[in-house]
Amino acid sequence: MCPRMGAAGGISRAEYARRMGRAIIRLIVLIVVYVVIAAIVNNVAIPMISTYVSSAAEYAPYVNILLGLLFGYFIVYAFADVIYWSLMTRYDHSTAAAVRNVFRIIGIGAMVATIAGGVVGGAAGVALGGFLGMVVGFASQQVLGNAISGLFILISRPFRITDHVTLLGDEGDVEDVTTLFTYVRKDANTIVVVPSSLILGNKVYVRRPAQQAQTAQSSQKPQGS
């Protein structure tokens with residue numbers, strides 16, 4: 001989707017502001033287009049078709065569901081992109097992308113629950129929307145928990161890429177830190193993938209590259225004169 005960029009990626013704040021402006025315009029255009037198309041379908045197309053096919057009005061809810069799902073998906077992603085570019089002026093790509101992914105997960109779940117509740121209508125619609133919300137919540141609980149934990153790790157930065165760490169008994173060099181997982185290289189052929197939620201609740205032993213060099217130099221010094 002978006003290239004890996006950060007504060008040191010050579011892009012000025014003005015460029016970030018322009019990209020965020022384009023993301024906001026895209027979001028507004030999607031909302032306006034959705035409202036216009038939904039109005040045309042419900043107020044012009046379906047009544048016109050109903051004059052020829054009497055049962056056409058019965059399919060209106062299904063058409064609205066398809067429109068809501070189609071545009072809702074793009075609107076959620078466009079809104080998440082606005083959040084992403086607004087954060088890129090203060091944080092690096094990993095942190096901004098983590099927040100964007102959390103907004104996408106929550107937005108898609110809320111969209112599905114809202115559309116389902118609106119289609120049924122009344123108290124039954126509220127109950128169905130709440131039930132689907134719980135289903136989506138339980139289904140994504142592990143992923144969302146990992147994503148939120150990864151977000152805290154990316155913001156607090158207890159360790160960085162190239163740091164030598166000990167996580168949950170596994171020792172190695174940090175290769176990458178993402179929303180869901182941290183990748184630690186133990187040796188040339190082994191990479192340990194550690195879920196973010198497990199890292200947040202456990203001790204982490206960190207040795208910076210500079211500290212490793214100092215330790216190596218100290219061990220190479222002759223013992224006594």
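Numbers below:
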read-out: Sorted by Cβ density within 10 Å, fewest first, the residues M20, M88; value: M20, M88
read-out: Fewest-first sequence of S94, S12 by Cβ atoms within 10 Å of each Cβ; value: S12, S94
read-out: Extension reserve of the I25-V204 stretch, reckoned as 0.36 nm per residue once the Cα distance is removed; value: 60.1 nm
read-out: Where trypsin sites (Lys or Arg not before Pro) fall in DSSP loop in the stretch 46-107, at most 11 other Cβ within 10 Å; value: R90
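None of the figures in this text is laboratory data; all of them are computed from the coordinates on show. The structure presented is a predicted model; accordingly, all values stated were derived computationally and were not measured. When we count neighbours, we look across all protein chains shown, and the Cβ atoms used for this are built from the backbone with ideal geometry, even at glycine.
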